[in-house]
Amino acid sequence: MCTVVIRVPEGAGEPVRLLAVRDEDPARAWDPLGAWWPDRPGTIGVRDRLAGGAWLAARPADGRIAVIVNRAGEPAGERIESRGAIALEAVEGRGPDRPRTLGFHLVESDGAEVAVTTWDGERLQRRVLEPGTHMIAHDEPDDPQTARIAAWREAFAAASTDADPWWADWIDVLAESGRLDPGDDRAIIRDNRPHGYPTLSLLACVASIRPGAADVRYAALERPGVWNALTFRAAAG
């Protein structure tokens, strides 16, 4: 039940801004943002140690980033594969084609456009996002029936991404949301166990993307599902 906030600029030459919060089982080990794939030089990401894939992947020198967000959906009569390679392949320019995975939203940008590819277990749908501020969670992008989107999308839209650092005002919104109980449907920093899932918010990444250049940074929460002030750092290694 991860959350992605993304701002698509009005004008050419302005950067795409992205904030992504990852929810996962704390017992499932991960590695922070870094270059963990020797067979993919130039690629960095947040690696899932169990499957070896990435929740978020980027190729900074190419100005490409991709984040995968779980959603409902299961392919019928097929062996289920990990979603971990999808973001890694996306930043290399290979989109999913009839995946054999559980459902997902793939949020990706090359700095020129932002697209969301949705797999519901039966069909793939790709949409290019219009200029503006968008939120993606486990339902449809910008879905007003998703409580955290209804609660916080307008606040993110009103917040500047021209501060120093650019993410400062967005993190203020995230901090305000962190005052909610993490089991609240409106919460972005989440404890999903009351909803039947073993996942809690673990970390966040921010990214600024232009054609040919992406700056991506990472910060982990001190305790799963509990807000604390975040210090974003560049990739390890």
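All of the numbers you see were taken from the coordinates with simple rules; none came from a lab. Note that the structure is predicted; figures quoted are calculated from it, not measured. When we count neighbours, we look across all protein chains shown, and the Cβ atoms used for this are built from the backbone with ideal geometry, even at glycine.
Our summary gives the stretch 3-220 a relative contact order of 25 percent, counting only alpha carbon pairs under 8 angstrom and 6 or more residues apart.
Counting Lys and Arg as +1 and Asp and Glu as -1, what is the net charge of the other residues whose Cβ lies under 15 Å from the Cβ of Glu113? Taking every Cβ under 15 Å from that of Glu113, the sum is 0.
Per-residue ellipticity at 222 nm, computed for the chain from helices alone with -39500 (n - 2.57) per DSSP H run of at least four residues, works out to -3500 deg cm²/dmol.
Of the peptides 162-173, 52-63, the order by per-residue mean of other Cβ atoms within 10 Å, starting with the highest, comes out as 52-63, 162-173.
Remark: Asp139, Asp191 ranked as Asp139, Asp191, counting other beta-carbon atoms within 10 Å and listing the fewest first. Note on Arg123 and Arg28: with the Förster distance fixed at 35 Å, the Cβ-Cβ geometry gives a FRET efficiency of about 0.75. For the chain, modelled as a GNM whose springs connect Cα atoms under 10 angstrom apart, the maximal fluctuation among Arg83, Arg210, Arg49 occurs at Arg49. Panel values: the stretch 1-150, Kirkwood radius from alpha carbon pairs, Stokes-Einstein at 10 °C and 1.306 mPa s, translational diffusion coefficient 101 µm²/s. Applying both filters, DSSP loop and at most 15 other Cβ atoms within 10 Å, to the trypsin sites (Lys or Arg not before Pro) of the stretch 173-227 gives Arg179, Arg186.
Exposure proxy shown here: for His105, His138, His195, the number of other Cβ atoms within 10 Å sets the order, fewest to most, as His195, His138, His105. Enclosing the Cα atoms of the stretch 133-237 in their convex hull gives a volume equal to 126 cubic angstrom per residue. For Ala175 and Ser82, the difference between the fully extended length at 0.36 nm per residue and the C-alpha to C-alpha distance is 30.3 nm. Calculated on the Cα set of the stretch 1-72, radius of gyration then Dmax: 13.7, 43 Å. FRET efficiency for the Glu14 to Ala35 pair, using the beta carbon distance and R₀ = 35 Å, is estimated at 0.80. Ellipsoid semi-axes for the stretch 66-188, based on the Cα gyration tensor and the rule √(5λ), read 28, 18, 12 Å when sorted largest first.
The convex hull of the Cα atoms of the stretch 58-138, projected and averaged over all directions, covers 5.2 nm². Using C-alpha pairs under 8 Å with a sequence gap of at least 6, the mean separation divided by the residue count of the stretch 116-237 gives a relative contact order of 13 percent.
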